[in-house]
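Encoded as structure tokens, the structure appears first; notes follow it.
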Amino acid sequence: MAVQAGHRALLQGVCRLIGASSGCRTHVCSGTGWLSSLPGTRHYSSDPKEDLLVRHLEGEDSGIVVVGINRPKAKNAISKNLVNMMLEAVEDIRKNNKVRSVIICSLVPGIFCAGADLKERAKMQQSEVGPFVSKARALITELGNLPVPTIAAIDGAALGGGLEMALACDIRITSNTAKLGLVETKLAIIPGAGGTQRLPRAIGVSLAKELIFAARVVDGAEACRLGLANHSVEQNKVGDAAYLRALELAREINPQGPIAVRMAKLAINQGIEVDLLTGLAIEEACYAQVIPTKDRLEGLAAFREKRRPQFKGE
């Protein structure tokens with residue numbers, strides 16, 4: 001009886017998450033001076049308003065959102081301003097039920113994110129450090145909780161908090177020249193934004209301990225071999241090979257039933273943390289959400305009529 005009660009409580013939690021991910025308004029967040037075209041271009045600015053540039057792709061790519069970090073002078077380090085801008089962008093994405101996938105990338109060649117902005121940190125009062133770290137941790141948690149697939153396109157160094165940000169994404173794609181590592185022990189601290197929890201879940205406990213204890217940095221090819229990345233691609237002259245591969249993957253996801261993809265993500269994320277029996281119950285609860293949708297009927301009709309389905313997320 002106690003187990004059954006636990007299952008019911010978990011399922012109620014799943015249903016609350018399901019409710020939170022549907023029926024939200026659409027809001028487009030866009031950065032001033034955003035690139036006129038993607039891919040293959042880069043943009044630099046010293047304007048804090050352009051630390052983060054968000055673009056909702058259009059046409060055949062409608063539903064794909066590209067979030068570009070753009071702090072060239074600071075190697076895309078995580079600052080107060082960047083945290084605030086990313087929190088706003090993540091919230092806008094979460095509320096927009098037309099979004100089907102998100103790519104987190106860098107607009108600066110050779111870098112994904114160098115971790116915390118230590119120059120800014122050095123100027124903080126001691127009383128400011130704790131709240132800032134908590135807010136940065138909350139950002140990465142919210143990124144991990146987005147209801148749609150998230151892809152980190154790592155074309156350069158992803159260190160410390162930068163790798164923790166990538167670990168919060170569902171899928172990681174690296175260039176072979178990228179550098180990845182949780183290097184906090186070099187500064188006599190530990191990963192504080194989920195690295196000690198997400199890295200073991202990604203590559204296993206023993207390997208995660210080795211990398212964290214030694215503050216080891218691995219290249220993109222090694223990251224892929226370890227299971228830290230899904231794919232590693234050879235870097236190109238422009239320096240955006242991982243982004244291009246991420247865009248290909250987002251385009252594979254785009255035509256699929258959006259509600260089904262969201263429910264699949266929810267079932268996986270919730271189920272992996274519990275025993276199999278409870279996980280199967282979570283899957284059942286998520287499956288029940290797709291049965292009454294118009295998309296399911298459209299999928300059946302398209303199969304019968306031998307045409308491509310036109311899913312609307314309804």
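The values are calculated or read from the model by the stated rules, or taken from the named source; none is laboratory data. These numbers come from a predicted model, not from an experiment. Note that each Cβ is placed from the backbone with ideal geometry, even for glycine, and that neighbours are counted across all protein chains shown. When the accessible area is computed, the model is the full protein with side chains, heavy atoms only, and any ligands, DNA or RNA have been set aside. Shrake-Rupley method; radii C 1.70, N 1.55, O 1.52, S 1.80 Å.
As an exercise: evaluate Glu60 against (1) part of a helix (DSSP H, G or I); (2) touching a strand residue (DSSP E or B) at 6+ places or on another chain (Cβ under 9 Å); (3) more than 17 Å from Ile151 (Cα to Cα) and give the number of the one condition it does not meet.
Just one mismatch for Glu60, condition (2).
Within the range 122-154, how many residues turn out to be of a type in the set (Gly, Ala, Ser) and either surrounded by fewer than 13 Cβ atoms within 10 Å (Cβ to Cβ) or over 13 Å from Gly194 (Cβ atoms) (or both)?
Taking the range 122-154 and keeping what is of a type in the set (Gly, Ala, Ser), we get 122, 127, 130, 134, 136, 138, 144, 152-153.
If we keep only those that are either surrounded by fewer than 13 Cβ atoms within 10 Å (Cβ to Cβ) or over 13 Å from Gly194 (Cβ atoms) (or both) too, we end up with 122, 127, 130, 134, 152-153.
Number satisfying all stated conditions: 6.
Out of Gly227, Gly194, Gly239, Gly220, report the one residue that is surrounded by fewer than 17 Cβ atoms within 10 Å (Cβ to Cβ) and of a type in the set (Gly, Ala, Ser).
Selected residue: Gly227, the only one of Gly227, Gly194, Gly239, Gly220 that is surrounded by fewer than 17 Cβ atoms within 10 Å (Cβ to Cβ) and of a type in the set (Gly, Ala, Ser).
Just a yes or no: is a residue in the range 235-244 touching a residue at least 60 places away in the same chain (Cβ under 8 Å), outside any loop (DSSP other than H, G, I, E, B), touching a Gly at 6+ places or on another chain (Cβ under 9 Å) and hydrophobic (A, V, I, L, M, F, W, C)?
yes
Does any residue in the range 201-218 that is more than 12 Å from Gly181 (Cα to Cα) come within less than 7 Å, Cβ to Cβ, of a residue that is open to solvent by 30 Å² or more (accessible area, probe 1.4 Å) six or more places away or on a different chain, and which pairs are these?
Ala202/Gly227; Ile203/Gly227
Check Leu38, Leu52, Leu87, Leu82 and return the single one that is surrounded by 15 or more Cβ atoms within 10 Å (Cβ to Cβ) and at pLDDT below 90.
On the way: Leu52 fails: at pLDDT below 90; Leu87 fails: at pLDDT below 90; Leu82 fails: at pLDDT below 90.
Being surrounded by 15 or more Cβ atoms within 10 Å (Cβ to Cβ) and at pLDDT below 90 holds for just one of Leu38, Leu52, Leu87, Leu82, which is Leu38.
Considering only the range 97-108, I want to know if a residue exists there that is touching a helix residue (DSSP H, G or I) at 6+ places or on another chain (Cβ under 9 Å), surrounded by fewer than 19 Cβ atoms within 10 Å (Cβ to Cβ) and not in a strand (DSSP E or B). Write out each step before concluding.
So the first thing to find is which residues in the range 97-108 are touching a helix residue (DSSP H, G or I) at 6+ places or on another chain (Cβ under 9 Å), and the list is 97-108.
Checking the rest, the ones that are also surrounded by fewer than 19 Cβ atoms within 10 Å (Cβ to Cβ) come to 98.
Narrowing further to those that are not in a strand (DSSP E or B): 98.
Yes.
Here's the yes/no breakdown for (1) among the aliphatic types (A, V, I, L, M); (2) touching a Leu at 6+ places or on another chain (Cβ under 7 Å):
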position	(1), (2)
Leu82	yes, yes
Met85	yes, yes
Asp92	no, no
Ser101	no, no
Cys113	no, no
Ala122	yes, no
Val129	yes, no
Val133	yes, no
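Which one of Arg198, Arg172 is of a type in the set (Lys, Arg), modelled with pLDDT of 95 or more and farther than 30 Å from Asp295 by Cα? Spell out how you get there, then give the answer.
On the way: Arg172 fails: farther than 30 Å from Asp295 by Cα.
Of Arg198, Arg172, the one residue that is of a type in the set (Lys, Arg), modelled with pLDDT of 95 or more and farther than 30 Å from Asp295 by Cα is Arg198.
Tally time: how many residues in the range 177-190 are out of contact with any Lys or Arg (no Cβ under 9 Å at 6 or more places or on another chain), open to solvent by less than 50 Å² (accessible area, probe 1.4 Å) and closer than 20 Å to Phe132 by Cβ? Walk me through it before giving the result.
Start the filter on the range 177-190 by keeping residues that are out of contact with any Lys or Arg (no Cβ under 9 Å at 6 or more places or on another chain), which leaves 177-179, 184-190.
With open to solvent by less than 50 Å² (accessible area, probe 1.4 Å) added as a condition, the list becomes 178, 184.
Adding the requirement that they be closer than 20 Å to Phe132 by Cβ leaves 184.
Selection size over the range 177-190: 1.
What tally of residues in the range 278-314 results from selecting those that are open to solvent by 50 Å² or more (accessible area, probe 1.4 Å) and in a helix (DSSP H, G or I)?
Here is the first cut: in the range 278-314, the residues open to solvent by 50 Å² or more (accessible area, probe 1.4 Å) are 280, 283-284, 287-289, 291-292, 294, 296-297, 300, 303-308, 310, 312, 314.
Pick out the ones that are also in a helix (DSSP H, G or I) and you get 280, 283-284, 287-289, 294, 296-297, 300, 303-305.
Qualifying residue count, the range 278-314: 13.
Go through the range 219-231 residue by residue and tally those that are more than 12 Å from Lys179 (Cβ to Cβ) and part of a strand (DSSP E or B).
Summing the residues that are more than 12 Å from Lys179 (Cβ to Cβ) and part of a strand (DSSP E or B) in the range 219-231 gives 1.
Can you tell me which condition Arg137 does not meet? The list is (1) within 28 Å of Asn236 (Cα to Cα); (2) out of contact with any Leu (no Cβ under 8 Å at 6 or more places or on another chain), and all the others hold.
All conditions pass for Arg137, except number (1).
All but one of (1) in contact with an Asp or Glu (Cβ under 8 Å, 6 or more places away or on another chain); (2) surrounded by fewer than 18 Cβ atoms within 10 Å (Cβ to Cβ) hold for Ile268; which doesn't?
For Ile268, the exception is condition (1).
Scan Lys80, Lys119, Lys73, Lys49 and give me the residue that is more than 19 Å from the chain's Cα centre (by Cα) and closer than 23 Å to Ala215 by Cα.
Values: Lys80 fails: closer than 23 Å to Ala215 by Cα; Lys73 fails: closer than 23 Å to Ala215 by Cα; Lys49 fails: closer than 23 Å to Ala215 by Cα.
The unique qualifying residue is Lys119.
Residues being under 17 Å from Pro309 (Cβ atoms) and either aromatic (Phe, Trp, Tyr) or not in a loop (DSSP other than H, G, I, E, B) (or both): count how many of those fall in the range 248-277. It would help to see each step written out before you state the result.
Initial filter on the range 248-277 (under 17 Å from Pro309 (Cβ atoms)): 251-264.
Narrowing the set further to residues that are either aromatic (Phe, Trp, Tyr) or not in a loop (DSSP other than H, G, I, E, B) (or both) leaves 251-253, 258-264.
Residues in the range 248-277 being under 17 Å from Pro309 (Cβ atoms) and either aromatic (Phe, Trp, Tyr) or not in a loop (DSSP other than H, G, I, E, B) (or both): 10 in total.
Search the range 290-304 for residues that are touching a residue at least 24 places away in the same chain (Cβ under 8 Å) and under 16 Å from Gln256 (Cβ atoms) and pair each with any residue that is part of a helix (DSSP H, G or I) and β-branched (Val, Ile, Thr) when their beta-carbon atoms are under 9 Å apart and the residues are at least 6 apart or on different chains.
So the pair list comes out as Val290/Ile259; Thr293/Ile259; Asp295/Ile259; Arg296/Ile259; Arg296/Val290.
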